[in-house]
């Protein structure tokens, strides 16, 4: 028996010696330039961005009303659809489908998240609106979505005591004051309340943010807890792959538009034709009245630098087939991807850039994108980094509760 124990100990020691050793936390030797680029993606969350065109932003009563409206099916003509029907909180405020219904002048498009939406300059895949409140109004009136009309929706608000009372509180009216006689002003007021609530939707901090802040304060021990695969993917993202040229800043987006080689021809099964992207968006902006240059700007366009941007927009041939550069925070929860939802998973997105067809891209201007030819390990590392820009699924489900995370 004693001999067996001695042999058992020897066998145990030998097995322990042959077992794989748990890798100790490590930090890549990022250069000073790499560290500067990494730090440019924070800190998070950023300061709130207030829209001078919407006087309701920041007003508690308007935010509370907007939150209720987001889940209210009475905003749709048939009373069966709410904003939350497509922007599902538990799915990262997306819907998990490749595309939703098409709108006039567009092809079928993927439902974008509304996380961090107040940080955007332009709204929608083609940038057809230049304010969050106008973007909130579009689906209410779009055929195939909520399919409302301005007169019908305004009348519904006036006739529903709780909606009328909510509108009054949001706009600081007394209970005795009538809602405006102008139907469009009533509906714009709904959209501005919706925007006031959405402007509070700041996505939670992520493993990347913890790593970035550790680098900022020189805490190598905390920085080394960030997975090596994510660190290698980050190095690719800010370096050789050049992803951060377009996916820049704390939100990981430059807020503009680009051609990334995703076809803009619409399959026959989805109606056929083309989706011209930014080209159609610019047409809508220049022809519409629900813009920063229109009559519903609360502060006056002359006092709004973003109104000047809208005024100076020009349409060029290169805009055909360009789509908005999305922010990358929480993207692991918002599949499928691209404007047409044609990439089912993050791995498909990485593979697209690895095998990019350069001949498919616009030839004019500076060529930013190029075929990456990633190795399997590089592709896995880049995906690991992208996943580190989100929170665990359990956290997403918790944020879908009535206490949804807001700024």
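Residue by residue, here is whether (1) farther than 30 Å from residue 317 by Cβ; (2) in contact with a strand residue (DSSP E or B) (Cβ under 9 Å, 6 or more places away or on another chain) holds:
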| site | (1), (2) |
| --- | --- |
| 338 | no, yes |
| 348 | no, yes |
| 353 | no, no |
| 357 | no, no |
| 360 | no, no |
| 376 | yes, no |
| 382 | yes, no |
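Of everything listed in (1) assigned to a loop (DSSP other than H, G, I, E, B); (2) modelled with pLDDT of 65 or more; (3) surrounded by 12 or more Cβ atoms within 10 Å (Cβ to Cβ), the single unmet condition for residue 373 is (3).
The set of residues in the stretch 318-335 that are over 19 Å from residue 127 (Cα atoms) and in contact with a helix residue (DSSP H, G or I) (Cβ under 8 Å, 6 or more places away or on another chain) comprises 330, 331, 332, 333, 334, 335. The single condition from (1) at pLDDT below 95; (2) part of a helix (DSSP H, G or I); (3) surrounded by fewer than 16 Cβ atoms within 10 Å (Cβ to Cβ) that residue 396 fails is (3). Picking from residues in the stretch 243-280 that are in contact with a helix residue (DSSP H, G or I) (Cβ under 8 Å, 6 or more places away or on another chain) and assigned to a helix (DSSP H, G or I), the one that is surrounded by the fewest Cβ atoms within 10 Å (Cβ to Cβ) is 244. A residue that is over 25 Å from the mean Cα position of the chain (by Cα) and at pLDDT below 95 occurs somewhere in the stretch 274-287.
Being outside any loop (DSSP other than H, G, I, E, B) and closer than 14 Å to residue 336 by Cα is a condition met by no residue of the stretch 115-122. Do we have any residue at all in the stretch 154-164 that's touching a helix residue (DSSP H, G or I) at 6+ places or on another chain (Cβ under 8 Å), within 27 Å of residue 206 (Cβ to Cβ), surrounded by fewer than 19 Cβ atoms within 10 Å (Cβ to Cβ) and touching a residue at least 24 places away in the same chain (Cβ under 8 Å)? Checked against the condition, which is being touching a helix residue (DSSP H, G or I) at 6+ places or on another chain (Cβ under 8 Å), within 27 Å of residue 206 (Cβ to Cβ), surrounded by fewer than 19 Cβ atoms within 10 Å (Cβ to Cβ) and touching a residue at least 24 places away in the same chain (Cβ under 8 Å), the stretch 154-164 yields no hits at all. Take the conditions touching a strand residue (DSSP E or B) at 6+ places or on another chain (Cβ under 6 Å), in contact (Cβ under 8 Å) with a residue 12 or more places away in the chain, assigned to a loop (DSSP other than H, G, I, E, B) and surrounded by 19 or more Cβ atoms within 10 Å (Cβ to Cβ) and apply them to residue 297. Does it pass? So residue 297 fails the test.
Identify, please: which residue in the stretch 118-148 is over 16 Å from residue 292 (Cβ atoms) and in contact (Cβ under 8 Å) with a residue 60 or more places away in the chain and is, among those, surrounded by the most Cβ atoms within 10 Å (Cβ to Cβ)?
Step one: filter the stretch 118-148 for residues over 16 Å from residue 292 (Cβ atoms), giving 119, 125-126, 139-148.
Among the residues that remain, those that are also in contact (Cβ under 8 Å) with a residue 60 or more places away in the chain are: 119, 125-126, 140, 145-148.
Numbers: 119: 20, 125: 24, 126: 28, 140: 23, 145: 20, 146: 24, 147: 16, 148: 23.
Within the stretch 118-148, the match that is surrounded by the most Cβ atoms within 10 Å (Cβ to Cβ) is 126.
Of all positions in the stretch 317-335, at least one carries a residue that is loosely packed, with under 12 Cβ neighbours inside 10 Å, on the phi < 0 side of the Ramachandran plot and either in contact with a strand residue (DSSP E or B) (Cβ under 9 Å, 6 or more places away or on another chain) or modelled with pLDDT under 95 (or both). Looking only at residues in the stretch 204-220 that are without any contact (Cβ under 8 Å) to a residue 40 or more places away in the chain and assigned to a helix (DSSP H, G or I), the one that is farthest from residue 113 (Cα to Cα) is 214. Selection of the stretch 232-242 for residues being over 16 Å from residue 36 (Cβ atoms) and either surrounded by 17 or more Cβ atoms within 10 Å (Cβ to Cβ) or within 17 Å of the chain's Cα centre (by Cα) (or both) yields 232, 233, 236, 241.
Identify the single condition in (1) surrounded by fewer than 17 Cβ atoms within 10 Å (Cβ to Cβ); (2) free of Cβ contacts under 8 Å to residues at least 24 places away in the same chain; (3) over 20 Å from residue 251 (Cβ atoms) that residue 95 does not satisfy, given that it satisfies every other one. So residue 95 meets the others, but not (1).
Identify all residues within the stretch 384-393 that are part of a helix (DSSP H, G or I) and either in contact with a strand residue (DSSP E or B) (Cβ under 9 Å, 6 or more places away or on another chain) or at pLDDT below 95 (or both); write none if there are none. Result: 393, single match.
Conditions (1) part of a loop (DSSP other than H, G, I, E, B); (2) surrounded by fewer than 15 Cβ atoms within 10 Å (Cβ to Cβ), marked per residue:
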| position | (1), (2) |
| --- | --- |
| 30 | yes, no |
| 33 | no, yes |
| 38 | no, no |
| 41 | yes, no |
| 45 | yes, no |
| 56 | yes, no |
| 62 | no, no |
| 67 | no, no |
| 74 | no, no |
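The values are calculated or read from the model by the stated rules, or taken from the named source; none is laboratory data. Computed from a predicted structure; not experimentally measured. In this analysis, Cβ positions are derived from the backbone assuming ideal geometry, glycine residues included, and neighbour counts consider all displayed protein chains.
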